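The structure appears right after this line, and notes come after that.
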Amino acid sequence: MEVLLSSDKITDCITALADEILSNTARTEKIAIIGVRSRGEILAKRLSDVLSKKLNTKIPNGTLDITLYRDDLNNPQGEGQPIVRSTEIGFNIDDAVIILVDDVLYTGRSTRAAMDALMDLGRPKAIKLAVLVERTGRELPIAADFVGYKIDLPADKSIQVNFVESDGKDRVIVI
């Protein structure tokens with residue numbers, strides 16, 4: 001196990017993501033943050049809080065469950081029934097710049113599923129992807145617009161993101 005990001009580094013990455021989003025989004029744009037369950041939702045909340053503080057206005061924040069949009073849903077080697085949780089987006093996404101947030105971008109499949117789910121909810125002006133960690137190994141032509149940390153890893157290694165809200169501590173490790 002190798003620690004990639006400590007708690008302080010995660011905080012630094014979130015601040016850097018917020019700064020990058022602000023520098024690449026017009027102040028006149030209607031922006032909203034939507035996190036992919038489950039770690040993306042925690043990251044999205046933190047990012048929304050930082051952006052709200054920097055802009056001195058509340059940035060809408062929501063959570064997206066992509067379970068039914070995954071391309072491995074009907075995989076015969078799957079492990080039982082998937083657990084479907086709620087999507088919680090209490091605002092209109094039409095004509096908004098949606099900052100879609102996930103903890104790790106690897107193959108691109110979760111992001112594809114999230115975009116499909118978002119498009120079923122409305123018609124955003126744009127969808128931009130923000131991730132805490134981007135690693136090599138893309139299977140789909142999907143790239144993050146905003147990245148906290150990039151790493152080149154062999155396929156036999158995994159990234160595990162832990163947040164204090166769900167795991168009792170903040171860290172990103174390679175396992």
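For segment 32-52 and segment 107-175, what is the separation of their Cα centres, given in Å? Here the two parts' Cα centres lie 12 Å apart. Which pairs in the list K30/K54; K30/K58; K9/K157 are over 19 Å apart, alpha-carbon to alpha-carbon? Result: K9/K157 exceed 19 Å.
If you place +1 on the Cβ of every Lys and Arg, -1 on the Cβ of every Asp and Glu, and leave all else neutral, what size is the dipole of segment 20-175 about its Cα centre, to the nearest 20 Debye?
Magnitude of the dipole: close to 480 debye.
Per the Debye calculation on segment 1-71 with a single equal scatterer at every Cα and no solvent contribution, log₁₀ I(q)/I(0) for q = 0.11 Å⁻¹ amounts to -0.32.
Only helices enter this figure: runs of n ≥ 4 DSSP H residues, each worth -39500 (n - 2.57), summed and divided by the residues of the chain, yield -8500 deg cm²/dmol at 222 nm to the nearest 500.
On a per residue basis, the convex hull of the C-alpha atoms belonging to the chain measures out at 124 Å³.
No value in this document is a laboratory result; all are computed from the given coordinates. Note that the coordinates shown come from a computational prediction; the quantities given were computed from them, not determined experimentally. Neighbour counts are summed over all protein chains in view; Cβ atoms, including those assigned to glycine, are modelled from backbone coordinates with ideal geometry.
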